[in-house]
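The values are calculated or read from the model by the stated rules, or taken from the named source; none is laboratory data. Values in this document were obtained by computation on a predicted structure and should not be read as measured data. Every residue, glycine among them, receives a Cβ derived from its backbone with ideal geometry; neighbour counts consider all protein chains shown. Keep in mind that these areas ignore ligands, DNA and RNA; they rest on the heavy atoms of the full protein, side chains included. Shrake-Rupley method; radii C 1.70, N 1.55, O 1.52, S 1.80 Å.
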Amino acid sequence: MLRTAEITAELTGLPPRGTDTHELYWRSKLEFTLDCFVCERTGRTTVIERGAERALCSGSRGGFPRHYAAARLAAFDTTRGAERLAVRALVDFWWAPFQDARDGNQAMAPTSHPWVRLHLAYHCRDTEESGTGSTQTNAVRPHEVVCRHCERVLATSTQTPAVRLLG
């Protein structure tokens, strides 16, 4: 069965336009937990990138290796406003019922504890270096995105990214 999950997140505290020295932006790659019917494991971290027709499941330790999963990034929209940067991603994935091969848990769509990591990138004009950051559902809030080169706070995540099953 084809399912769709909507993932949204927002960062605040960005400097006003014209004064931004880092050009922070969302990367079109995310990690999302899905129950994988291929390896029959629940709660697998799945890497999903814009433009890819399939995702990559992390598999399981000592068992099923990394493998392709039936998931893709169907939409990826970003918005930049006054001192805020937002993202909305739609993830399409195939789901089928199964019991976890290791612990017998019943699969769910999405998984019983959805987790997502959203990736960011920037370019520090002070040092002429590029860098990356992220925000994820299990980070302690408020969570600051800090430039690893000049240690300036680039933005703050005050709310957990939201995951909502659409269909």
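Are any of the residues in region 129-140 outside any strand (DSSP E or B), surrounded by fewer than 13 Cβ atoms within 10 Å (Cβ to Cβ) and modelled with pLDDT of 90 or more?
Checked against the condition, which is being outside any strand (DSSP E or B), surrounded by fewer than 13 Cβ atoms within 10 Å (Cβ to Cβ) and modelled with pLDDT of 90 or more, region 129-140 yields at least one hit.
Within region 39-59, track down each residue that is outside any strand (DSSP E or B), surrounded by 19 or more Cβ atoms within 10 Å (Cβ to Cβ) and in contact (Cβ under 8 Å) with a residue 40 or more places away in the chain.
Listed by number, the list holds a single entry, 39.
Is there any pair with a first residue in region 148-167 that is touching a residue at least 12 places away in the same chain (Cβ under 8 Å) and over 20 Å from residue 22 (Cα atoms) and a second that is part of a loop (DSSP other than H, G, I, E, B) and of a type in the set (S, T, N, Q) whose Cβ atoms are under 9 Å apart and which are 6 or more apart or on different chains, and what are they?
Pairs found: 160/137; 160/138; 161/137; 162/137; 163/137.
Which of the residues that make up region 26-38 are surrounded by fewer than 21 Cβ atoms within 10 Å (Cβ to Cβ) and either more than 16 Å from residue 117 (Cβ to Cβ) or of a type in the set (Val, Ile, Thr) (or both)?
37, 38
Considering region 109-135 alone, what residues qualify as being without any contact (Cβ under 8 Å) to a residue 40 or more places away in the chain and in contact with a Pro (Cβ under 8 Å, 6 or more places away or on another chain)?
Scanning region 109-135 gives no hits.
Kindly indicate which of 22, 67 is of a type outside the set (Phe, Trp, Tyr), within 26 Å of residue 124 (Cβ to Cβ) and open to solvent by less than 30 Å² (accessible area, probe 1.4 Å).
22
Give the residues of region 141-165 that are within 11 Å of residue 13 (Cα to Cα) and either polar (S, T, N, Q) or buried (at least 19 other Cβ atoms within 10 Å of the Cβ) (or both), sorted by residue number.
145, 154, 155, 156, 157, 158
Could you list, in sequence order, all residues of region 76-104 that are buried (at least 16 other Cβ atoms within 10 Å of the Cβ) and outside any strand (DSSP E or B)?
Correct list: 95, 98, 100.
Which of (1) more than 22 Å from residue 105 (Cα to Cα); (2) crowded, with 18+ Cβ neighbours inside 10 Å; (3) aliphatic (A, V, I, L, M); (4) in contact (Cβ under 8 Å) with a residue 60 or more places away in the chain does residue 73 not meet, given it meets every other one?
Failed condition: (4).
Sort out which residues of region 17-59 are acidic (Asp, Glu) and under 28 Å from residue 154 (Cβ atoms), and write them in order of number.
20, 23, 31, 49
More than 18 Å from residue 56 (Cα to Cα), part of a strand (DSSP E or B) and open to solvent by less than 70 Å² (accessible area, probe 1.4 Å): is that true of residue 120 in this structure?
Here the answer is yes, as residue 120 does meet what is asked.
Give region 85-104 a look and list any residue that's closer than 30 Å to residue 10 by Cα and not charged (D, E, K, R), or say none.
Within region 85-104, 85, 86, 87, 89, 90, 91, 93, 94, 95 qualify.
Answer with yes or no whether residue 36 is in contact (Cβ under 8 Å) with a residue 24 or more places away in the chain and over 30 Å from residue 150 (Cα atoms).
yes
Only one of (1) in contact (Cβ under 8 Å) with a residue 40 or more places away in the chain; (2) more than 12 Å from the chain's Cα centre (by Cα) is not met by residue 66, so which one is it?
The failed condition is (1).
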